[in-house]
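Colleague: This is the structure I want to talk about, given as structure tokens.
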Amino acid sequence: MDARSGWVGKALHGEQSAFAGSSAILALTIPVAAILAACFYVCYLILRSSTHQADAAQFEAEQRIAKAAILFTTAPVIKNNGDYAYWDELYARAKAPLDLQWADAHLGSYQQNLTGLTGSAVLTGTGALQYLYLSPRSGLHDLSPGELQFLTWLTRRAIAEGSGHRAPVSGFVNMRGHPIFLSIAPVNASGLEGGPKGAKPYAALIYFLNFDSEILAGITKDFSLAEPRIVPAAAAGIPLAGFPGLSGKLGLRWKRQPPRDIVGERLPLLRALAVISLALIAAVAGGWAWVLVRMRRVETAALTHRTLMAEQAAQAKSLFIANMSHELRTPLNAIIGFSEMLTHQLFGPLGHRKYAEYTEDILASGRHLLNVVNDILLMSKLDAKKQEYDIGAVAIAPVVREAIMLVSPDAERRNVAIGFSHRDAEIIAFADRQALKQVVINLLSNAVKFSYPGGHVGIAARLCGAGTIELSVSDHGCGMSEELLRKLGQPFTQAAHAYIRNNQGTGLGLSICYALAAGFGGSLSFESAEDAGTTATLRLRSAPMTEGAAPHRQEPHAA
């Protein structure tokens, strides 16, 4: 009995000890598991909060970039509208229907090439449409009576509120399902050109800018907004400013960048650290949370800085493009016009012969400076992919003869002869006629400029195999080195040859030739040797003889 009792006591004591050990392990396991779970939960909350903050900062930055893109696109339209509406000649002409040739040269197609406008109009407060120009991009062929009544209402408001040189009234409207930016300014007279300063305006200048796929593609390229599109304001990322007095119903929407999965990236590391020890997990979690918060603050600050820089760059670029053409080309045209009057002595003789020499120098310098400004503006337009081409069947011989006629005065002054030869009776190519003419003029001008006095420049056209036309311009002048040949086509490229330095221009001519040739489907190549001459070869696609050689109607260049 005693032995049995002792054995039973020992067994019970062992069971109690085992139970007590299990309880201790359980007592330790539960708090450890709870602490680990709490640590993971705190880290999860911190990471999730950082993710939400990063997403909010990213979306805010995208909104500011979208606003900058809209400002970059619309600011030149508003600036140009205000400048042209405060013009004495337009004030005088707006009393009656505008002469179409004059209006197209200053408003319609000219403004389309200058600022990308899709339409221009001059409308009186009584509803008389003095002028209307709508490009194919506008999506409007004409104005319906309801649209004309709507624009008349806006014009009356602008005339009533816009006396004096103030900012035009502008905003987005929906016309026939097209989102269109309207800018309306009352036509006032400044008095600087003889106009009735202070007279009450009676008409308004209206500019249309259709936000089509071309403009939206430009926003994607310049501001890195994916798939921007105009949608109802309720579903947009930012609302578009509606016309004053009208409810805004449009907005800009884009594809947002996917948020980073910070939790999925960092959770495995936290689990591995949790296995090591509870203390290490707590320290690392706290430190990691602090690091993440600091990183997010730094990234947010950097993103905000980049956004501000983008806004400033967009404003500066828009103001530069809007002011460059008007502020430089207008005074240059005045200088050239008055110099021509003095050179031809339209109002009587000048007297001393030195005056005639000086006026010729002024005229030559003004024309040279205007050519430089035109080259810079055209190069900027080509670089921004804003140049439009009208490609069709073009007869080569008439284009070459016109170019030779324009270059001949300079060739005669330099005592350089120009000869044109072509074997085939009529060579027709696929090209943009105006752009092709510009390329030929630039190539001939370079050949004449870099030829020695008494030299000869030859231009030849011939049909090659596989439907190709080769138009070559050759000279026997100073030529170019191999190093310079490799750099041709880069803007502002200049050579070290003494004769070239004495006759060098802006260095944009050949860059413009390369860009224009590529634009209408051609290619340009050069062969040259120093002190032996240069041959430029323009390769074009030949057009069937049955298509004719008459060029299509060409819109004037903006530059």
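Colleague: Just to be sure I understand, how many residues within segment 188-207 are touching a helix residue (DSSP H, G or I) at 6+ places or on another chain (Cβ under 6 Å) and not in a loop (DSSP other than H, G, I, E, B)?
Modeller: Number of matching residues: 3.
Colleague: Look at Glu412 and say whether it is touching a residue at least 40 places away in the same chain (Cβ under 8 Å) and loosely packed, with under 14 Cβ neighbours inside 10 Å.
Modeller: No.
Colleague: Could you run through segment 94-121 and say how many residues are of a type in the set (A, V, I, L, M) and closer than 22 Å to Ala75 by Cβ?
Modeller: Total meeting the criteria: 4.
Colleague: Quick one: would you say Glu62 is surrounded by 18 or more Cβ atoms within 10 Å (Cβ to Cβ) and among the acidic types (Asp, Glu)?
Modeller: Answer is yes for this residue.
Colleague: A further question on this structure: With respect to Ala217, determine if the residue is over 17 Å from the mean Cα position of the chain (by Cα), at pLDDT 85 or above and not in a loop (DSSP other than H, G, I, E, B).
Modeller: Answer is no for this residue.
Colleague: In the set Gly146, Gly195, which member is surrounded by fewer than 22 Cβ atoms within 10 Å (Cβ to Cβ) and in contact (Cβ under 8 Å) with a residue 12 or more places away in the chain?
Modeller: Only one candidate qualifies: Gly195.
Colleague: I would also like to ask the following. Out of all the residues in segment 85-112, which are touching a His at 6+ places or on another chain (Cβ under 8 Å) and modelled with pLDDT under 90?
Modeller: Selection gives Tyr86 alone.
Colleague: Can Ala285 be described as at pLDDT below 70 and in contact with a helix residue (DSSP H, G or I) (Cβ under 7 Å, 6 or more places away or on another chain)?
Modeller: yes
Colleague: A further question on this structure: Would you point out the residue of segment 415-441, among those that are out of contact with any Phe, Trp or Tyr (no Cβ under 8 Å at 6 or more places or on another chain) and among the charged types (D, E, K, R), that is surrounded by the most Cβ atoms within 10 Å (Cβ to Cβ)?
Modeller: Arg433
Colleague: Looking at segment 29-55, I want the residues that are surrounded by 15 or more Cβ atoms within 10 Å (Cβ to Cβ) and of a type in the set (A, V, I, L, M, F, W, C) and have a partner that is modelled with pLDDT of 75 or more and part of a helix (DSSP H, G or I) with Cβ atoms under 6 Å, at least 6 apart or on another chain. Which pairs are those?
Modeller: Ala54/Arg296
Colleague: With Leu342, Leu328, Leu406 as the choices, which residue is modelled with pLDDT under 70, part of a helix (DSSP H, G or I) and of a type in the set (A, V, I, L, M)?
Modeller: So the residue among Leu342, Leu328, Leu406 that is modelled with pLDDT under 70, part of a helix (DSSP H, G or I) and of a type in the set (A, V, I, L, M) is Leu328.
Colleague: Same structure again: Evaluate segment 62-83: report whether one residue or more is modelled with pLDDT under 90 and outside any helix (DSSP H, G or I).
Modeller: no
Colleague: Can you spot a residue in segment 99-112 that is of a type outside the set (A, V, I, L, M), in contact with a strand residue (DSSP E or B) (Cβ under 8 Å, 6 or more places away or on another chain) and in a strand (DSSP E or B)?
Modeller: no
Colleague: Restricting to segment 442-458, what's the tally of residues that are surrounded by fewer than 24 Cβ atoms within 10 Å (Cβ to Cβ), modelled with pLDDT of 90 or more and closer than 20 Å to Pro398 by Cα?
Modeller: Qualifying residue count for the region: 1.
Colleague: Taking Leu90 and the conditions (1) touching a residue at least 60 places away in the same chain (Cβ under 8 Å); (2) closer than 20 Å to Pro179 by Cβ, which numbered condition does it fall short on, given that it satisfies the others?
Modeller: (2)
Colleague: Turning to a different aspect of this structure: Can you find a residue that is part of a strand (DSSP E or B) and modelled with pLDDT of 85 or more anywhere in segment 476-495?
Modeller: no
Colleague: Residues in segment 139-162: is at least one in the same structural domain as Lys95 (by TED's automatic domain parsing), under 20 Å from Tyr84 (Cβ atoms) and under 21 Å from the mean Cα position of the chain (by Cα)?
Modeller: So far as segment 139-162 goes, no, none of its residues is in the same structural domain as Lys95 (by TED's automatic domain parsing), under 20 Å from Tyr84 (Cβ atoms) and under 21 Å from the mean Cα position of the chain (by Cα).
The values are calculated or read from the model by the stated rules, or taken from the named source; none is laboratory data. If you're wondering where the values come from, they're calculated on a predicted model, not measured in any experiment. Virtual Cβ from ideal backbone geometry, glycine too; neighbours counted across all protein chains shown.
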